[in-house]
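The values are calculated or read from the model by the stated rules, or taken from the named source; none is laboratory data. The model shown is predicted, which means the values in this text are computed figures rather than measured ones. Glycine gets a Cβ as well: all are built from the backbone with ideal geometry, and neighbour counts include every protein chain shown.
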Amino acid sequence: MASVFKRGGKKAKGYYYASWSDHNGKRQTKCTRTTDKATAERIANKYETDAALRRDGVIDPTLDAIGKESQRTIEAHLTDYEAKMNAANRSEQHIARTVGCIRAIAKYAEFTIASDVNADGVSRFAGMLRDFGRSARTIQAHLTAVKGFTKWLTEHHKLPRDPLSSVKKPNPKADRRRERRMLLPEEWRWLETTTLSGPVRHDMTGTERAMLYATAIQTGLRSTELRSLTRGRLSLEGNRPYIACKAGSTKNKKAAQQFILTDLAGQLRKHIKTKAPAAPVFSMPHRTEVAQMLRDDLAAARKLWLSEAKDDAQEYARREESDFLAVANHDGERIDFHALRHTCGAWLAMVGEHPKVIQTVMRHGSITLTMDTYGHLFPGEEANAVGRMQSLLAGPPEALRATGTDHATSAPLERAQRLAQRAERDIVRAGCDDVRNENDRENRDSSDSDSHKPLRIAKLGDDVRSDAMQNESSRNGGRTRTGISPNRILSPVRLPIPPSGRHVFFGCK
């Protein structure tokens, strides 16, 4: 039974507390927020009645718990959500960015508790970002963060339904503000040569920077992944040297094993010779300075490339107008450190590697991402495909010879026709041999002494004796067994197949 009391005894001042047993039989205590005993008793009886209704199934305890969770503040839920992302081994940068996006939306739309979140407020925030000129990619990042949050709330029974299920994210490709470009092979040769002889930049020697750039291009490793490399993760001996990344250091949280060329392996062996096993391979600057370091080396390489033509005014002017070794090309695509990873995939596509191989090297989650990024760089097969259709569009070999078509074009059709004719002759012989063997068995079992004439296998296209066709027609009421005009021996492919599944060959019984 429910009861009420005051803390500190009967003479104590303050609110009454209600005590009752919930639907699980557990004793609960809650402040009634009143100093009137009669009112407190009514509240306590209400708690007791609700508990009885839950025990009897009239009130769903799950829905009741969801209702309570939906009244908790968003900040309280974000604390649990951060713990969930930490347990999923998400990076600190990802967690901070996700929580920041959710807080920005909640502040703008004035969401305080979980049940306040609605699609209209989120859509207004997306419209505000669009009005301020933010890209579709930025808007998509914010919507992805908050939609993931509400989906988690729904799946963990903190909201009765997902309020943002109807919110659609924009396509980032439709309004992409920053496009990365790859390094051309000739640009890389200039960059490597200039960097090797260049000065110390961002506390890295020119030799170390050149090795860093080459490693990024050959492996496709990201800046953070290269930063995590230690001497113990490099296997540089043998004909197939490789670099291994721990699962905790990669973006997809999977271990990576990236192969490199033996020339680079030799350079890295000399570089790490005096380093401890746990020492980082590259002394890279802060993550915000890595892109600028590459751009400085790129600018030095372009300056050297321009100086080569200083004695030729016309050539110098042409080079100045070119985007060779420029940070941004004429299409607006820019170079940053991640562009070296993009160069890895682009070069593999340009040399004709299979898309699945490129997907494995780049560690993409799906082949769709690989094809969307590098599909336009694969060697074009469209012209060859259309050329291979020539043999079908040109008609049969006779027509090809009549029109003077090259013999090389008509050869595939002639060869195919010869193979088809040979196959037909083999089928006819095999079928007639089966029929002959069956007739021989019947003759041995029969008491009939009549001799059976051997069957001559006719060639395709031979004329059929008219008397044979007349006899056959008379036995079948004037109709041939094949139902086809009896002028020449027909291809077995065109003969009817009886229900038994055995082929009936003209001239064979």
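Structure notes:
- Filtered by the rule that a residue be in contact (Cβ under 8 Å) with a residue 40 or more places away in the chain, farther than 19 Å from Phe337 by Cβ and basic (Lys, Arg), the stretch 257-288 gives a lone residue, Lys275.
- Filter pass, Gln257 being more than 30 Å from Met85 (Cα to Cα) and polar (S, T, N, Q): no
- In the stretch 183-195 there is no residue that is in the same structural domain as Arg302 (by TED's automatic domain parsing), among the hydroxyl-bearing types (Ser, Thr, Tyr), farther than 30 Å from Val117 by Cα and part of a loop (DSSP other than H, G, I, E, B).
- Scope the stretch 55-69; condition in a loop (DSSP other than H, G, I, E, B), of a type in the set (A, V, I, L, M) and under 26 Å from Ile113 (Cα atoms); matching residues: Ile59
- Restricting attention to the stretch 248-280 and to residues that are within 31 Å of the chain's Cα centre (by Cα) and farther than 20 Å from Leu348 by Cβ, the residue that is surrounded by the most Cβ atoms within 10 Å (Cβ to Cβ) turns out to be Ser249.
- For the stretch 183-212, the set of residues classified as without any contact (Cβ under 8 Å) to a residue 60 or more places away in the chain and among the aliphatic types (A, V, I, L, M) consists of Leu196, Val200, Ala210, listed by residue number.
- Residues of the stretch 177-222 satisfying the condition of being surrounded by fewer than 19 Cβ atoms within 10 Å (Cβ to Cβ) and either in contact with a strand residue (DSSP E or B) (Cβ under 8 Å, 6 or more places away or on another chain) or within 30 Å of Ser135 (Cα to Cα) (or both): Arg177, Arg178, Glu179, Arg180, Leu184
- Inter-residue pairs, beta-carbon under 9 Å, first of a type in the set (Val, Ile, Thr) and in the stretch 86-107, second part of a loop (DSSP other than H, G, I, E, B), 6+ apart: Thr98/Arg90; Ile105/Phe111; Ile105/Val117
- Lone qualifier among Asp116, Asp131 - being farther than 13 Å from Ile74 by Cα and of a type in the set (D, E, K, R): Asp131
- Residue check, Glu289 more than 17 Å from Arg178 (Cβ to Cβ) and more than 32 Å from the chain's Cα centre (by Cα): no
- Listed conditions (1) part of a loop (DSSP other than H, G, I, E, B); (2) in contact with a Leu (Cβ under 9 Å, 6 or more places away or on another chain) are all met by Pro199, apart from (2).
- Scanning the stretch 8-28 for residues that are under 16 Å from Ala44 (Cα atoms) and surrounded by fewer than 12 Cβ atoms within 10 Å (Cβ to Cβ) gives Gly25, Lys26, Arg27.
- Selection count where residues are free of Cβ contacts under 8 Å to residues at least 24 places away in the same chain and part of a strand (DSSP E or B), scope the stretch 213-240: 1
- Cβ-Cβ distances below 8 Å connect the following pairs, each with a first residue in the stretch 110-122 that is more than 13 Å from Phe149 (Cα to Cα), a second residue that is crowded, with 18+ Cβ neighbours inside 10 Å and of a type in the set (Phe, Trp, Tyr), and a separation of six or more residues or different chains: Gly121/Phe111.
- Residues that are modelled with pLDDT of 85 or more, in a helix (DSSP H, G or I) and not basic (Lys, Arg), drawn from the stretch 351-372: Pro355, Val357, Ile358, Gln359, Thr360, Val361, Met362, Ile367, Thr368, Leu369, Thr370, Met371
- When residues of the stretch 104-137 are limited to those that are outside any helix (DSSP H, G or I) and surrounded by fewer than 19 Cβ atoms within 10 Å (Cβ to Cβ), the one nearest to the chain's Cα centre (by Cα): Ser135
- Out of Arg341, Arg319, sole residue that is in contact with a helix residue (DSSP H, G or I) (Cβ under 9 Å, 6 or more places away or on another chain), buried (at least 17 other Cβ atoms within 10 Å of the Cβ) and without any contact (Cβ under 8 Å) to a residue 40 or more places away in the chain: Arg319
- Failed item, numbered, when Leu153 is tested on (1) buried (at least 21 other Cβ atoms within 10 Å of the Cβ); (2) under 30 Å from Arg137 (Cα atoms); (3) not assigned by TED's automatic domain parsing to the domain that holds Ala88: (3)
- The number of residues in the stretch 2-54 that are acidic (Asp, Glu), touching a strand residue (DSSP E or B) at 6+ places or on another chain (Cβ under 7 Å) and in a loop (DSSP other than H, G, I, E, B) comes to 1.
- Given (1) exposed (fewer than 11 other Cβ atoms within 10 Å of the Cβ); (2) assigned to a helix (DSSP H, G or I), index of the condition Asp311 fails: (2)
- If the condition is being surrounded by 13 or more Cβ atoms within 10 Å (Cβ to Cβ) and of a type in the set (A, V, I, L, M), then the stretch 29-52 contributes Ala40, Ile43, Ala44, Ala51, Ala52.
- Residue count for the stretch 54-77, restricted to those that are surrounded by 13 or more Cβ atoms within 10 Å (Cβ to Cβ), farther than 30 Å from Ala145 by Cβ and not basic (Lys, Arg): 2
- Residue within the stretch 70-84 that is basic (Lys, Arg) and touching a residue at least 60 places away in the same chain (Cβ under 8 Å) present: yes
- Taking the numbered list (1) closer than 22 Å to Arg341 by Cβ; (2) buried (at least 19 other Cβ atoms within 10 Å of the Cβ); (3) outside the structural domain of Trp347 (by TED's automatic domain parsing) in turn, His142 passes all entries but (1).
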